[in-house]
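Reviewing the structure listed below.
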Amino acid sequence: MNSNTTSHMHRHYRLVEKALRYIHQHRYQQPSLAHIAEHCAISEFHLQRVFKEWAGVSPKQFLQSLTKQDCLQRLQQGETVLSASDASGLSTSSRLHDLFITLDAVTPGEVRARGNNITFYYAVHDSPFGQCFIAITERGIHRMEFVDEHNSIDSVIDLLKTQWPMAKFVKEEIQTADYIDRIFGESTNSSKVRLWIKGSAFQFKVWEALLRVPSGRLCSYSTLAKAIKQPRSARAVGTAVANNSVALLIPCHRVIKNIGVPGNYRWGETRKQALIGWEASENAEFI
């Protein structure tokens with residue numbers, strides 16, 4: 001996927017995000033395509049075309065994939081997948097790319113060194129879900145976040161520098177673009193992506209369980225707790241999910257409440273709905 005294509009999808013996402021936010025706010029009135037288009041200040045034809053190009057389906061079909069009934073069904077499917085999955089399996093399939101993801105933990109010694117002898121290469125790139133900040137090291141991706149007016153680039157960089165005060169930080173758009181292409185690219189070939197992240201043993205168990213939730217499926221916090229064989233730890237699981245620092249690749253957007261409601265998301269509830277609907281549209285059969 002070249003930069004022009006990604007930038008084009010990014011612009012489309014901003015429009016889709018605006019439409020989704022309006023629909024969510026007026027969901028009980030079931031707004032028509034005309035009302036949504038009017039809110040977005042574009043024609044119905046343009047909204048339909050942009051939505052179809054971005055999501056692969058019409059707005060009506062996309063929203064169908066976000067209904068409570070559909071979410072509840074996919075919750076059950078996610079529970080089945082997790083209950084049957086092998087604890088050693090860390091592969092996950094994404095609508096954007098087929099990736100084999102491995103987790104590599106930051107060691108206690110590396111934490112004590114506070115980033116000494118570590119270089120972080122970072123940049124911000126367009127993605128189909130808005131601007132995406134990525135920070136990598138020789139060990140792999142350390143952080144990936146969606147940035148916008150609520151989660152600024154400066155705040156993400158400042159947090160990273162606070163966590164690693166002795167590290168070197170280099171703005172590098174070429175190396176980071178290679179990772180973005182592998183994540184959001186159009187290739188059908190599998191690719192290995194290593195994540196080098198900081199977390200407790202418990203958090204790693206939760207994140208590894210998340211990697212076993214396939215694209216288009218959903219799971220609940222209680223299901224994840226059962227998957228790591230700690231069924232009474234749903235609240236702690238929720239905290240571990242919220243502390244995930246690698247958006248999309250560790251798919252915390254696939255965790256929703258037992259009642260079928262998406263719930264909160266570190267990078268915005270509307271973006272979470274977009275991610276869920278995007279993946280569901282690739283796996284659902286619409287009437």
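The values are calculated or read from the model by the stated rules, or taken from the named source; none is laboratory data. Please read these numbers as outputs of a predicted model, since none were measured by experiment. Glycine also receives a Cβ, built like all others from the backbone with ideal geometry; neighbour counts cover every protein chain displayed.
Out of (1) at pLDDT below 80; (2) within 22 Å of the chain's Cα centre (by Cα); (3) of a type outside the set (D, E), what's the single condition that is false for V57?
(1)
Say whether the condition of being of a type in the set (D, E), closer than 30 Å to N258 by Cβ, modelled with pLDDT of 85 or more and touching a helix residue (DSSP H, G or I) at 6+ places or on another chain (Cβ under 6 Å) is met by at least one residue in segment 70-87.
No, that holds for no residue.
Using the structure shown, decide if K272 is basic (K, R), buried (at least 20 other Cβ atoms within 10 Å of the Cβ) and closer than 23 Å to I141 by Cα.
Details: basic (K, R): yes; buried (at least 20 other Cβ atoms within 10 Å of the Cβ): yes; closer than 23 Å to I141 by Cα: yes.
Taking the combined requirement at face value, the residue satisfies it.
Just checking, which of A236, A242, A227 is under 15 Å from L82 (Cβ atoms) and among the small types (G, A, S)? Walk me through how you get there before you give the answer.
Working: A236 fails: under 15 Å from L82 (Cβ atoms); A242 fails: under 15 Å from L82 (Cβ atoms).
Sole residue among the options that is under 15 Å from L82 (Cβ atoms) and among the small types (G, A, S): A227.
For segment 258-266, does any single residue satisfy the condition of being assigned by TED's automatic domain parsing to the domain that holds T137 and more than 24 Å from Y22 (Cβ to Cβ)?
Yes, that holds for at least one residue.
Quick one: which residue in V261, V213, V237, V241 is in a loop (DSSP other than H, G, I, E, B), in contact (Cβ under 8 Å) with a residue 12 or more places away in the chain and surrounded by 21 or more Cβ atoms within 10 Å (Cβ to Cβ)?
On the way: V261 fails: surrounded by 21 or more Cβ atoms within 10 Å (Cβ to Cβ); V237 fails: in a loop (DSSP other than H, G, I, E, B); V241 fails: in a loop (DSSP other than H, G, I, E, B).
Selected residue: V213, the only one of V261, V213, V237, V241 that is in a loop (DSSP other than H, G, I, E, B), in contact (Cβ under 8 Å) with a residue 12 or more places away in the chain and surrounded by 21 or more Cβ atoms within 10 Å (Cβ to Cβ).
Regarding E110, is this residue modelled with pLDDT under 90, assigned to a helix (DSSP H, G or I) and charged (D, E, K, R)?
Values: modelled with pLDDT under 90: no; assigned to a helix (DSSP H, G or I): yes; charged (D, E, K, R): yes.
No; evaluated as a whole, the condition is false for this residue.
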